[in-house]
Amino acid sequence: FGGYHKDAEATRDAFTADGWFKTGDVGRFTEDGFLQIVDRKKDILVTAGGKNVPPANIEIRFRDDPFIAHVVVYGEGKKFLVAGVWLNEEAVAAHLAGVAPEGRDAARRALVQKRIDHVNTELASYETIKKFAILGEPLTVEGELLTPSLKVRRKKVNERFRDVFEGLYDGAPAANGAPANGVIESEQART
């Protein structure tokens, strides 16, 4: 790639002084010496404590979880990270089939908390998810929350669910009366 056609400024911005193309990717070298892409530079969160957190490095740890469809980490400029969690409702329903109806909401929250606790053990303390909201509005291409290749559109998700995410920092209970103990389920999960 030699540059942008008839756009010298874009070409100049896209390359380093010594001719390397700026991909926008953030990577690290593994113990075996391989380059691993960790996240996109534009997606890196900087916490209130100045820590750079690549959210994809956290979110990818939920990729193979049978109960969780998506996790989106939020926390730009905040003291700690929170997350929106979208469930694989069929798998969760099958798992909770023997639970009495009045205990299912608590069991769902406990199931998600257990998954998050497990992932948190693999992370630095500043990367851990402290609170979460279980969200019911699905992430779809039609809803413009996923790309056609099914990648999360972080900016749009953050805009759509900003009030929910910010509510996790307020410590206020959710509209459904769930306690503000770090496990807050959004009212949207009830629809």
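Derivation of every value follows stated rules applied to the coordinates shown; laboratory data play no part. The structure presented is a predicted model; accordingly, all values stated were derived computationally and were not measured. All Cβ positions, glycine included, derive from the backbone under ideal geometry; neighbour counts span all protein chains shown.
Quick notes on this one:
- A simple spin-label model places the labels of Glu76 and Ala100 4.6 nm from each other, with each point 7 Å out along Cα-to-Cβ.
- DSSP-loop trypsin sites (Lys or Arg not before Pro) across the stretch 37-128, with at most 10 other Cβ within 10 angstrom: Arg63
- Taking a ≥ b ≥ c as the square roots of the Cα gyration tensor eigenvalues, the stretch 84-157 comes out oblate, since a/c reaches at least 1.5 and a/b does not exceed b/c.
- Legend: ranking of residues Val85, Val92 from fewest to most surrounding C-beta atoms inside 10 Å; resulting order Val92, Val85.
- Amide H contacts of Leu81 (H built 1.01 Å from N, under 5 Å, at least 5 apart or other chain): Lys130
- Prolate/oblate/rounded call for the stretch 44-190, Cα gyration tensor, a/c under 1.5 rounded: rounded
- Exposed chymotrypsin sites (Phe, Trp or Tyr not before Pro) absent - longest run of the chain, DSSP non-H/G/I/E/B, at most 15 other C-beta within 10 Å: 35-191
- Between Gly50, Leu168, Val119, the Cα set farthest toward the positive side of the dipole of the chain (charges on each charged residue's Cβ, about the Cα centre) is that of Gly50.
- Helix-derived mean residue ellipticity, 222 nm - over the chain, DSSP H n ≥ 4, -39500 (n - 2.57), to 500: -7500 deg cm²/dmol
- Cα long-axis angle, helix 104-120 against the chain (0 to 90 degrees, to the nearest 10): 40 degrees
- Exposed loop sites here mean GluC sites (Glu not before Pro) with a DSSP loop assignment and at most 12 other beta-carbon atoms within 10 Å; the chain contains its longest site-free run at 32-121.
- 3J(HN,Hα) along the stretch 43-51: 8, 4, 8, 10, 6, 4, x, x, 7 Hz, from the Karplus curve 6.51 cos²θ - 1.76 cosθ + 1.60 with θ = phi - 60°, whole Hz, x for Gly and Pro.
- The ranking of Thr11, Thr30 by Cβ neighbour count inside 10 Å, starting from the fewest, reads Thr30, Thr11.
- Using a cut-off of 31 Å between Cα atoms, the listed pairs Lys51/Lys151; Lys79/Lys114; Lys22/Lys51; Lys22/Lys130 include Lys22/Lys130 as exceeding that distance.
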